[in-house]
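Below is one structure. I have some questions about it.
The values are calculated or read from the model by the stated rules, or taken from the named source; none is laboratory data. All values reported here derive from a predicted model rather than from experimental measurement. FYI the Cβ positions are ideal-geometry reconstructions off the backbone, even for glycines, and counts take in every protein chain you see. Remember, those area values only see protein heavy atoms, side chains included, never the ligands or the DNA or RNA. Shrake-Rupley method; radii C 1.70, N 1.55, O 1.52, S 1.80 Å.
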Amino acid sequence: VLVESLLVFTIVLLLHLVVWDRYSWCALALALQAFYVQFKWDHLLQLGGAVFQFRTGANSGLLPASMVIPLLGIVMKERCRAAGIVYFERFGIVVASTGMLVALFLSVIAVGVTKPVPTNTCILTGVAGSVIIYTMKHSLTVSEVIEVLEVLLIFVYLSMILLYLLPRCFTPGEALLVLGGTSFVLNQLIKRSLNVVEGRGDPIDFFLLVAVVGVVLLGLFFTVLFIFMDSCTWISSMFFHMMTAVLGLGVIMPWLYRLIQRNPLFWLLQFLFQTQARVYLLVYWTFLAASACGVVFYQNAKRSSECKKHQASTVTRKYFHFIVVATYVPGLIYDRQLLHVAAVLCLAVFIFLEYIRYFRIKPFGQTLRQLLSLFLDERDSGPLILTHIYLLLGMSLPVWLFPRSCAPKGTLPGVGALAPYSGVLAVGVGDTIASVFGSTMGEIKWPGTKKTVEGTMTAIFAQIIAVALILIFDSSVNLNSSYAWILVSVTLVSLLEAYTTQIDNLLLPLYLQIMFMA
């Protein structure tokens, strides 16, 4: 935990050596108090004194999770300020302020439920809160303050509902990232729906917002419904499919129509088949999806013939990482907008299939349970299987969060051009190579972990080679001799992978994107 904290502090300090403004003091104060409060959370988890049931086998992860959203907002603000786009510069300030306030709220909760109340930690939390609120008072307009408070309110209610309904699925840090991001997306969708005449952004952005909020609301609806019904019967399954169609066609589709001012289905079909290159990419991705399904069926057939308790090895699970890399790299090089939309569709399908598996909806619910149980690991300790969804999010978030409007046309100068590749480098290449080489050839372990020095060093080397290949094949990337910053960024994130107990598929791409965008 101390090494993980040291790595996060190093990233924060390096970032603010490059980007220093009034929010830097807030970020440093937030990091310092999150470091102290993290140990209070860990103590609560060990004693079983937390209000909700969190994922076991991991620390609270409060410090690394607390810094992600504020740092993303800060680097987004600076990049859009350099591009002269005031709207998205203010948006970056709102993102940073929201992330700080939500993280601070979670820290206050931890301090409040700790007995006896830790005096020093309370003082530090109060000082950090005062610095953040004072800075927000002098940086945000009244409407922006209201927006930040709206996100905080949504986060509070969403946390109470989902952490109660989904025990042992998250650590506190993972809950902060997932629920904080979902709360922000929900608030953005409400805001843009109410101001649709003045709404900014293209249909691709609206498609992401509506898809994320739609699948979350769908899950909440059926979770409440199946408290009073047995979800395993054919009648309940038919009702599930019927209500999914009603909510999709009667709520989500009209909502999207209001935002993009055109028929969503016609727009989507026209978008997907707009050029011949897109058709080739879709055919190629369909082949890769069929290959992934083939791996699942083959491994399950192998388990049936060998042993019922057989579990997929680390190397076997990394097949999917290779498939995902093969999926995302052509999309990043040839058509990022198509990749953006396809990733949103894939996320919606993944979550919907998880609903079918979780509720055991006929006719595929029980089959999905049997097929996916082979690939479970210690992180899937709750009722949901989330690791494959985290993998998709880790690869997609750098594409979704990259401020396209603030990027110059044509060739992208500097390390920021690599930001959309953060998921490919951190998860697809680095994490995969570290796991494969570490589990097969690693002998020297990092102190206090199961990860090996050989795996980490090989991961760093592989990511540097991947950057060189990106330079060769993607003509839009021009690093302007920023190789030292790339090496430092990749090294820090690879070391963080070795020491963190959080979901690395989610955390590592975000930190690498933050470093690249700085």
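Restricted to segment 215-228, and to residues that are more than 18 Å from LEU353 (Cβ to Cβ) and part of a helix (DSSP H, G or I), which residue is farthest from the chain's Cα centre (by Cα)?
Across segment 215-228, the extreme among qualifying residues is LEU225.
So, one more: Quick one: in segment 235-292, of everything that is closer than 30 Å to LYS318 by Cα and aromatic (Phe, Trp, Tyr), which residue is surrounded by the most Cβ atoms within 10 Å (Cβ to Cβ)?
Among those residues, the one meeting the criterion is TRP285.
Can you report the number of residues in segment 478-493 which are open to solvent by less than 10 Å² (accessible area, probe 1.4 Å) and either in contact with a Gly (Cβ under 6 Å, 6 or more places away or on another chain) or not in a helix (DSSP H, G or I) (or both)?
Qualifying residue count, segment 478-493: 1.
Residue by residue, here is whether (1) touching a residue at least 60 places away in the same chain (Cβ under 8 Å); (2) buried (at least 24 other Cβ atoms within 10 Å of the Cβ); (3) over 23 Å from the mean Cα position of the chain (by Cα) holds:
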{"residue": "PHE35", "(1), (2), (3)": "no, no, no"}
{"residue": "GLN38", "(1), (2), (3)": "no, yes, no"}
{"residue": "LEU47", "(1), (2), (3)": "no, no, yes"}
{"residue": "ARG55", "(1), (2), (3)": "yes, yes, no"}
{"residue": "LEU72", "(1), (2), (3)": "yes, no, no"}
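Which members of segment 119-151 meet the condition of being open to solvent by 30 Å² or more (accessible area, probe 1.4 Å) and either at pLDDT 90 or above or under 21 Å from LYS191 (Cα atoms) (or both)?
Listed by number, the residues that qualify are THR141, VAL142, SER143, VAL145, ILE146, LEU149, GLU150.
Counting just the residues of segment 447-467 that are at pLDDT 90 or above, over 24 Å from the mean Cα position of the chain (by Cα) and hydrophobic (A, V, I, L, M, F, W, C), which one comes out nearest to TYR334 (Cα to Cα)?
Only one residue tops the list, namely ILE465.
Quick one: SER231 ticks every box in (1) among the small types (Gly, Ala, Ser); (2) under 19 Å from GLY214 (Cβ atoms); (3) not in a helix (DSSP H, G or I) bar one, so which box is it?
Result: SER231 passes all but (2).
Applying the selection to segment 495-509, what residues are part of a helix (DSSP H, G or I), open to solvent by 10 Å² or more (accessible area, probe 1.4 Å) and within 16 Å of PHE9 (Cα to Cα)?
Residues satisfying the conditions are LEU495, GLU497, TYR499.
Show me the helices (runs of 4 or more DSSP H) entirely contained within segment 348-446 in which 1 or more residues are open to solvent by less than 30 Å² (accessible area, probe 1.4 Å), touching a His at 6+ places or on another chain (Cβ under 7 Å) and at pLDDT 85 or above. Steps first, please.
Values: elements: 365-372, 387-401, 432-441.
Ranges flagged: 387-401, 432-441.
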